[in-house]
Amino acid sequence: MSGESSAERGPKAGPASDSGAIDPSLSSTLIRGIELLRCFGPADQALSNAELARRLGLNRPTVSRLCKTLIHLGYLRRDAKETFRLAPQLLALTYPVLSAMPWRHAVLHPMRELAQMCAGNSSLGVMSGDVFVHIQTAGNPPGWPHIPDIGQTGPLHRSALGWSLLSVLPEPERAAKIADLQSLHPEGFAASAEKTHAAIARCLKEGFCVSYGDWRPDLVAAAAPLGRTEDGLCVALACAVPQYRAEADYFETDLGPRLASAAASLRYSGVFTLAGGEASNGRR
């Protein structure tokens, strides 16, 4: 949503061709309605009709009709200043998604232990399109520069959580996903390609990877792949601390291996599986 990069707003709908035209087999009205909702973000909680029209490249009457429809459905509301805001009813749309992930609760206790151990945050993420989506978080230390919350997204190609998720995919799927990322984010992927491939290789060999401010410059994060759920979701676990108190040796020789061990233990439940199986030490 606005105020964040495209990778932080969520997966791209992909309705347009290279020429920018909407695929005629898709519903342009539905696409525009969803794009309108995606204009809102933490830094843009209230937007006027004129601002929405500017961001969407649509005329004001069209935006007015879209807003009126979304208000009718309960997904948008007007405030006292006559600007538009997202409505709480939107949260109801996410409930079925979260309720289909009951295994989140089994991961919460080790997440809390990891967050307490590193005096930072622990987060659980799944792959969705060209991004990861946080589906559970633990830890909220004071002075924290970034608190991940359920529904927040980030890039697959320049984050520890994203790299570990890519490592979950079997080779043919991973190659296709990387090709998609290169197409969607040509400059960004080119800048991080070497780190991305190295991190994936490390996850496959050691069970974890580390990112030193690649996504958020003020954070250092380690992540470990959990695996794939029965219904096909790729899941990974991450821990992060502020850059100013992060020690590389701690991440490389302590936190990273602990994350890999925790991920291996969670896989014993049978909820998560890794392509090709894993060795007895918890590594593939």
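No value in this document is a laboratory result; all are computed from the given coordinates. Keep in mind the model is a prediction, meaning the values are calculated, not measured. Here Cβ is always computed from backbone atoms with ideal geometry, including for glycine, and neighbour counts include all displayed protein chains.
Brief remarks follow.
- The P(r) of the stretch 94-190 has a tail past 20 Å containing 45 percent of all C-alpha pairs.
- Considering only SER183, VAL133, LEU266, and ranking their Cα positions along the charge dipole of the chain that arises from unit charges at the beta-carbon of Lys, Arg, Asp and Glu, the one farthest toward the positive end is VAL133.
- Computed over the alpha-carbon pairs of the stretch 28-87, the distance histogram in 10 Å steps reads 24, 66, 11, 0 percent, short to long.
- Under the simplified labelling scheme, the SER25-ALA248 pair shows an inter-label distance of 5.0 nm, with each label point 7 Å from Cα along Cα→Cβ.
- Pairs of lysines in the chain whose Cα atoms sit within less than 25 Å of one another amount to 7, provided the residues are eight or more positions apart or on different chains.
- Contact order relative to length of the stretch 28-87, as percent, for alpha carbon pairs under 8 angstrom and 6 or more apart: 35 percent
- Percentage relative contact order, the chain, counting C-alpha pairs under 8 Å, at least six apart: 15 percent
- The order of the peptides 234-240, 199-205, 48-54, 127-133 by mean Cβ neighbours within 10 Å, most packed first, is 234-240, 127-133, 199-205, 48-54.
- For the stretch 244-254, the Karplus equation 6.51 cos²θ - 1.76 cosθ + 1.60, evaluated at θ = phi - 60°, returns couplings of 5, 10, 8, 10, 4, 4, 5, 5, 6, 10, 10 Hz by residue, with Gly and Pro reported as x.
- Charged-residue dipole, Cβ positions (Lys, Arg, Asp, Glu), the stretch 98-268 about Cα centre, Debye nearest 20: 240 debye
- Amide H to amide H, with H built 1.01 Å from N, PHE208 comes under 5 Å of CYS203, counting only residues 5 or more places away or on other chains.
- For the stretch 98-268, average projected area of the Cα convex hull in nm²: 9.1 nm²
- Alpha-carbon centroid distance for the pair the stretch 68-143 / the stretch 257-276, whole angstrom: 24 Å
- Projected-area mean, the stretch 89-143, by convex hull of Cα positions, square nanometres: 5.1 nm²
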